[in-house]
1. Would you mind working out the accessible area per residue for chain A, using a 1.4 Å probe, and quoting it in Å²?
2. So the label point sits 7 Å from Cα along the Cα-to-Cβ vector; using that for A:Gln613, what distances do you get to the other copies, in nanometres, sorted shortest first?
3. Between the label point of A:Glu101 and that of the same position in each other copy, find the distances and list them shortest first in nm, with every label point placed 7 Å from Cα along the Cα-to-C-beta direction.
4. How are the alpha carbon pair distances in region A:354-481 distributed across 5 Å bins from zero to the largest one, expressed in percent?
5. I want the antiparallel fraction of DSSP beta bridges within chain A, as a percent rounded to 5.
6. Looking at region B:354-383, which residues lose a minimum of 20 Å² of accessible area between their chain alone and all protein chains in place, measuring with a 1.4 Å probe and not counting ligands or nucleic acids?
7. At a 10 angstrom cut-off on C-beta neighbours, averaged per residue, how do the peptides B:206-213, A:59-66 rank from highest to lowest?
8. For chain A, with the dipole built from +1 on Lys and Arg beta-carbon atoms and -1 on Asp and Glu ones, taken about the Cα centre, which of A:Ala481, A:Pro105, A:Gln421 lies farthest toward the positive end?
Protein chains: 2
Amino acid sequence: MTIKAGLLLTNAIVLTMDDKYHLYEPGAVAVQEDSIVAVGTQSELEKTIQAQEVLDCGGKVLMPGLINAHTHISMNLLRGLADDLRLDVWLMGYMMPVEREFVSPDFVYLGALLAAAELIRNGVTCFNDMYYFEDQVAKAAAEAGLRGICGQTTLKFPSPDANSYEESLQYAREFIQRWKGHPLIIPAISPHAPYTCTEEIYRLATDLAREFDVPLHTHIAETASEVESMRKEMGMPQVPYLKKQNIFESKVIAAHCVHIDEGEMHTLAHYNVGVAHNPSSNLKLSSGIAPIQRMLEIGLNVGIGTDGVASNNDLDMFEEMRLASFIAKVSTGNPTALPARTVIDMVTKMGAKAIHIDHLTGSLEVGKRADIILVDINNMHNMPRFRRDEQSIYAQLVYAAHSTDVTDVMINGRWLMRAKQLLTLDEAELLHQAQDYAKRIDAFLIEREKSVLSKLIAIEGVKEEESFEIQSKVRVKDPQAVHEGIKKPGIEVLVHRRYHQYDTYFYFANQEQGILRYREDEIVELSGKEISKELPVQVRYRLTLLGETAEGQLASDVLLFRSRYMAPATHSLRFYREYFSPSGEKSVEKERERWRVLFKGTEFYINFDHLIQPDLGYFLEVKSRTWSRRDAENKAELATELVKYILGSDVEETMIKDYFELAQGLE
Amino acid sequence: MTIKAGLLLTNAIVLTMDDKYHLYEPGAVAVQEDSIVAVGTQSELEKTIQAQEVLDCGGKVLMPGLINAHTHISMNLLRGLADDLRLDVWLMGYMMPVEREFVSPDFVYLGALLAAAELIRNGVTCFNDMYYFEDQVAKAAAEAGLRGICGQTTLKFPSPDANSYEESLQYAREFIQRWKGHPLIIPAISPHAPYTCTEEIYRLATDLAREFDVPLHTHIAETASEVESMRKEMGMPQVPYLKKQNIFESKVIAAHCVHIDEGEMHTLAHYNVGVAHNPSSNLKLSSGIAPIQRMLEIGLNVGIGTDGVASNNDLDMFEEMRLASFIAKVSTGNPTALPARTVIDMVTKMGAKAIHIDHLTGSLEVGKRADIILVDINNMHNMPRFRRDEQSIYAQLVYAAHSTDVTDVMINGRWLMRAKQLLTLDEAELLHQAQDYAKRIDAFLIEREKSVLSKLIAIEGVKEEESFEIQSKVRVKDPQAVHEGIKKPGIEVLVHRRYHQYDTYFYFANQEQGILRYREDEIVELSGKEISKELPVQVRYRLTLLGETAEGQLASDVLLFRSRYMAPATHSLRFYREYFSPSGEKSVEKERERWRVLFKGTEFYINFDHLIQPDLGYFLEVKSRTWSRRDAENKAELATELVKYILGSDVEETMIKDYFELAQGLE
């Protein structure tokens, strides 16, 4: 009996990656329309196949196309934007501000086309994605001819494509309806991660996934700190938390799983959750090494992904394969861990299982779609080839071959690359457009990086406000004098508080940038008319950008400042140090007593400070804020008068130096 | 003033890697004969340089050629020979037997030429080597036009190129004399490693290195176990041990240094020892992750190497760069560790310092040799390019670029590759010759792997001996009867011993392979005429290949074996299990009492065995060995007679099953 085929591929080393790892050399594969109709030895197929076209593969490896099990392909437009940074600085200092500014349907579409070109060049025939405007990813992939699972992101914050999670879930519903049944694209829903989603989002996303029988793609346990937070807040790690939201009732693809325990692995295995392992990203961001060897022993299906290029910085699955094996070996202390054939399995058949599409692709078997690549291993970095052990072909692909050895790619029976020439994409034009985007992003960041203020605004959303602040400051010899002076008639105390303050001043080579102060403000005592009962001790964290320089001096050394920008500090001192890269810093610790008073009908703040570290003694500051320069001048005289009234004859000359300047003076 | 130059390279992103990391874009470099005569901006050099030829680099990166700080390039002929194995199985089961059989001047020369082609393609302009017949490596490198430090190996065992270490040191002396002063080749001496060399070898090698002022290249602390051995034997780790041999008085290049402590790092830094870090090899063989970040903090010069391709499996320095950064980040938990520029430094300027040739190469500076590469980063996997941060070019090279992006290579002012075409080597011819070698090595290993005996001979050097062994065996009900029977007249006891034996039997799918027995033989009691005093308890480890099958039966169930091959077992049970890959195994634990006796003028061994695990009871065996089949037949009858004489009326039928067969029967 003969079988009809459109194309017969011959003279290849055929790695079927079927359940028995059949390997044919010389082998052949027959393709009819979008599917594989025969696989076997060349002599066998030459007898049984009646083909319209026969293609001699020249002794190359013919294998299933590679599956990239977790990525954000549109981020190809952000490759190399920022590297060698901590995760939070990288994410919140660069990625998110740039995404907020630039991510649009146009951006997502172009990024996806660029990635499609890179994926095809690297022998990837199927990818599993998660991003915003995922409709555009699907459109780009379909046009390029790539197979993909496209997951529309949803999270609790406003995102570039939705003002609320309700909006993004509605977007996802429409997106899924639009693409469901496409020959190449499988739409999916992607609640981002436990720390960026609510329980409700996970439950609604699961309902959606089940309603349309589409995958649910989410990040799980990428970093130790997010798992730690979950344990603190919920009393459990991430997998049990997600189980409570019933997400495992849908077809889940769990990216990362770096920090999960044995029990969690068993839960994932029980629910047939697929894991996407991302070696480069986990190493580069120092997230850790996922316990893949153990997952495989437990029976989990684990695929391999690149993550987005912003943390990789490419979509090279050959690199990921090698890394997956290397880090499994070194982390288990066992050089036989994750042997080459297992790794190839993870990027083909097992990878397809992990993303729940092994009925379509992942191996060269009759009835599956024709997703095929040819790999040339007859070159200098692959030779010689030993044939003693049939398994050595897998080792050759994993440990020696490069992504650039892929010469031909077919997806769904259609050639997308022949002899390293892309057939569905115009690379020169794509690169040109990409470079245009890069220029605009560069310009945005250069503008922002020019000033500390812009960087502050970028991450903390500070609003610029013009105001004047006057300050009269004097050194105090006798602390007792202040407490007595404040009781003098004519001073009406509105509020009285005591703080313990830890200030860190960042200063910059370019002094016009001003000084950025990070303050930890521990309120240790509260009293006065407005406060009726004591509150528990609390700490505030604030950033203040001390205007470029003092605007000038008024009256007798009363300082006039303009525009102090303040924002709550939501990150750590370490974060800000790395993000702002100051040229120097100085710490000051003090006890502050603070009164809000009325004096001659005008409100003033009185700060009585005890400088502890460095040990600089006692200071009295009288401050006020106004919106006009003329009013500032009036208040300046009154402030000096108030200082003198409090301290009586004991008053020294008022001074203009800030504490960090006094601290610097000690060096 | 104008400067004359043979060649002016323009329109490039010039990374100088000088002490201030000057970067020019568009930049230019002028080359005159073998050296760099100017480096700077294009506009500047176009004014000052009078060049015979001007080459437009088309916007590519122009940087110093990469330095591979530790390799064994001739092992390119062994790429992919054996993978995913433990270090000892890999080394002693495959690498060393094949090297013993094949390494010759011809092998080394061809391997080095193959490697030269791969190195040049990957942008490597200088390598630091260690192998046998190093003269041939030097010859190949010089012909290819590569710069190299060529280290002649010396070790305490006979090697392919020397029967003794004295011979290899003499070879090294002549080799150094021959090549000293060559414009490309720097000869060196390479005592292999502390565990393969003696103190004397290190001292003599150091003397040689100092006499000729050449580098001394050795392996230090690659695995935890070799360091542990050194501590046990010498009471100190490897660096202090080597310091005692004065090796640091020479210019040392220390490969690996995976398992060294802070104190050892300080010692190496004090003596300006260069370290060669080998990420792929250390991961693939599961040796560990070297504490590179700490070494750099302490001020050590660390270069990066590929090691030989047999444990890599390529010579791709771009891969090593990326890995070095990745594993530093994940092992320190700090994603800012080993940032991209530092990594580039390690493969250029710092790498040159590490191998003690920074006066010649490693940066683009006036007066240094013109060792230059061009890297094309205007392609899909490198784009877009952000220019906000000048440093991002380093990140692009480390995290995104591939070795295949190198387009042009110049060494010592001579082009070796232009537009990806090699100019000094015939790749097709080299690949052809490599494949011939691979076939011969395949044939050798296939022949060997065919039989367990050949594999045994390959690693333990067993000599095949033809002999016959007869055995009469019977189950014993009453142990007391044996002890009484042995005292009967006519039996002269020559030796009496008691053992505790732990036997593991490996059996194979192909039963013709026979059974391989691993025996731990603990002697717990010694007595008899030949032994005058008791010895301390001792254990012997032995391998015995129980001839293919029993040759036949003689008399009443006396077994006749032919050719039992025995060898001391120098490796662990785990090693043999992986090396021989048996299809099954069975363990037997027994107490054995053994007598060597004279009975009717013939020597016999009498074994009285108590099978403990599995609990099979008591057995008596009478054995003898002979060299002729006829003699065997005579002895067979006598053996059965002896069994009956000892046990008297209590004797059961003699049996032919071996213990492992009885144990199997229990399942």
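1. On a per-residue basis, 37 Å².
2. 6.0
3. 6.4
4. P(r) over region A:354-481, rounded to whole percents: 2, 7, 8, 9, 10, 10, 8, 7, 7, 7, 6, 3, 3, 2, 3, 3, 3, 2, 0.
5. So the antiparallel bridges amount to about 70 percent of the total.
6. Correct list: B:Met380, B:His381, B:Met383.
7. Ranked by mean Cβ neighbours within 10 Å, highest first: A:59-66, B:206-213.
8. A:Ala481
The values are calculated or read from the model by the stated rules, or taken from the named source; none is laboratory data. Note that the structure is predicted; figures quoted are calculated from it, not measured. Cβ: placed from backbone, ideal geometry, glycine included. Neighbour counts: every protein chain shown. In case anyone asks, the SASA skips ligands and DNA or RNA and just uses the protein heavy atoms, side chains included. Shrake-Rupley method; radii C 1.70, N 1.55, O 1.52, S 1.80 Å.
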